[in-house]
Amino acid sequence: MTQDEAKALVGERAAALVEDGMAVGLGTGTTSVMFIKALGARVQGGLSVRCVASSDASDKLARSLGIDMRTLAELPELDLYIDGADEIAAGLALIKGGGGALLREKIVASAAKSFIVVADATKLVAHLGKFPLPVEVIQMALPLVERKLDALGLRPTLRLHKDGSLYLTDEGNVILDCACEPITDPARTAADIRAVVGVVEHGLFLGMASLALIAGEDGVAEHRA
Ligand code: 5RP
């Protein structure tokens, strides 16, 4: 099975969990695209759901498929949030934000009764941190935050587009990708980063997901927190 086939498989499996009348949060990234497309197909087949997206890109895709898109103000309580991850470790501790949507992803996830992760098996890791940890930062605070994260040993690099221009999130902030492998104590790392003034959010999602659907050669496996 290719990675794309694995993503399509979990996307469809996650869409099958959505029930009529549910309020659903939509994640961001290539696996979430597969989920949103599968959900769109169910909506076209008559399923009634209202959704909130974690990025402008996911919102646009979902609207193009005829999904009823709302704001968090309209739909502050969600039944489900379904999203991908960059790394998944024991207890469903996650690194997210490779696609730059970590802030809105964490906000939408926090509004949901249940957060289900969808991923292919390459995302499973013994320890978090090989994937650079994204940290979203207010632009004005960038020089200060960069120095402080560096002092914490987190080796931050400013995220740029391929053409060298500054990467900006949907909220107009910048991202520092931190090469902090290995993260031996994720809660401590999260607290250290959160304590830096000017940091808006970080990509450690701890104690948030309750179930991960992981696609591998043997099909989809369920991992619980
Ligand atoms: C975006 C994310 C994504 O969920 C994460 O990067 C995984 O993406 P993909 O499904 O494309 O591998 O956190 O900010």
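The values are calculated or read from the model by the stated rules, or taken from the named source; none is laboratory data. Keep in mind that what you see is a predicted model, and the values were worked out from it rather than measured. Cβ: placed from backbone, ideal geometry, glycine included. Neighbour counts: every protein chain shown. Surface accessibility is based on the protein's heavy atoms, side chains included, excluding ligands, DNA and RNA. Shrake-Rupley method; radii C 1.70, N 1.55, O 1.52, S 1.80 Å.
Structure summary
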read-out	value
Among (1) closer than 27 Å to Leu103 by Cβ; (2) touching a strand residue (DSSP E or B) at 6+ places or on another chain (Cβ under 6 Å) - the single one Leu39 does not satisfy	(2)
From the options Arg159, Arg155, Arg224, residue that is in contact (Cβ under 8 Å) with a residue 60 or more places away in the chain and of a type in the set (Lys, Arg)	Arg224
Selection within segment 169-197 - surrounded by 18 or more Cβ atoms within 10 Å (Cβ to Cβ) and assigned to a loop (DSSP other than H, G, I, E, B)	Thr169, Asn173, Cys180, Ile183, Val196
Failed criterion for Ala57 (all others in (1) among the hydrophobic types (A, V, I, L, M, F, W, C); (2) open to solvent by 60 Å² or more (accessible area, probe 1.4 Å); (3) more than 15 Å from the ligand (Cβ to nearest atom) hold)	(3)
Checking His161 against (1) touching a Phe, Trp or Tyr at 6+ places or on another chain (Cβ under 7 Å); (2) under 22 Å from Lys130 (Cβ atoms); (3) surrounded by fewer than 21 Cβ atoms within 10 Å (Cβ to Cβ); (4) not acidic (Asp, Glu), the condition it does not meet	(2)
Residue satisfying all of: in segment 122-141; within 12 Å of the ligand (Cβ to nearest atom) and in a helix (DSSP H, G or I); farthest from the chain's Cα centre (by Cα) among these	Thr122
Which numbered condition Ser165 misses (of (1) away from the ligand (no atom under 13 Å from the Cβ); (2) within 30 Å of Ala6 (Cα to Cα))	(2)
Pairs, first surrounded by fewer than 24 Cβ atoms within 10 Å (Cβ to Cβ) in segment 93-110, second assigned to a helix (DSSP H, G or I), C-beta under 7 Å, six or more apart	Ala93/Pro186
Some residue of segment 62-77 being among the hydrophobic types (A, V, I, L, M, F, W, C), touching a residue at least 40 places away in the same chain (Cβ under 8 Å) and assigned to a helix (DSSP H, G or I)	no
All positions within segment 83-101 that are in contact with a Leu (Cβ under 9 Å, 6 or more places away or on another chain) and either more than 14 Å from the ligand (Cβ to nearest atom) or not in a loop (DSSP other than H, G, I, E, B) (or both)	Asp83, Glu87, Ile88, Ala89, Gly91, Leu92, Ala93, Leu94, Ile95
Residue satisfying condition, being more than 10 Å from the chain's Cα centre (by Cα), within 20 Å of Leu213 (Cα to Cα) and not in a strand (DSSP E or B), within set Leu39, Leu47, Leu80	Leu39
All positions within segment 208-220 that are open to solvent by 40 Å² or more (accessible area, probe 1.4 Å) and either in contact with a Pro (Cβ under 7 Å, 6 or more places away or on another chain) or in contact (Cβ under 8 Å) with a residue 60 or more places away in the chain (or both)	Met208, Ser210, Glu217
Pick from segment 1-14, criterion surrounded by 16 or more Cβ atoms within 10 Å (Cβ to Cβ) and either under 22 Å from Ala73 (Cβ atoms) or in contact (Cβ under 8 Å) with a residue 60 or more places away in the chain (or both), ranking: nearest to the ligand (Cβ to nearest atom)	Lys7
Scope segment 15-36; condition within 16 Å of the ligand (Cβ to nearest atom), among the hydrophobic types (A, V, I, L, M, F, W, C) and part of a strand (DSSP E or B); matching residues	Val24, Leu26
Flag for Ala141 being open to solvent by less than 30 Å² (accessible area, probe 1.4 Å) and free of Cβ contacts under 8 Å to residues at least 60 places away in the same chain	yes
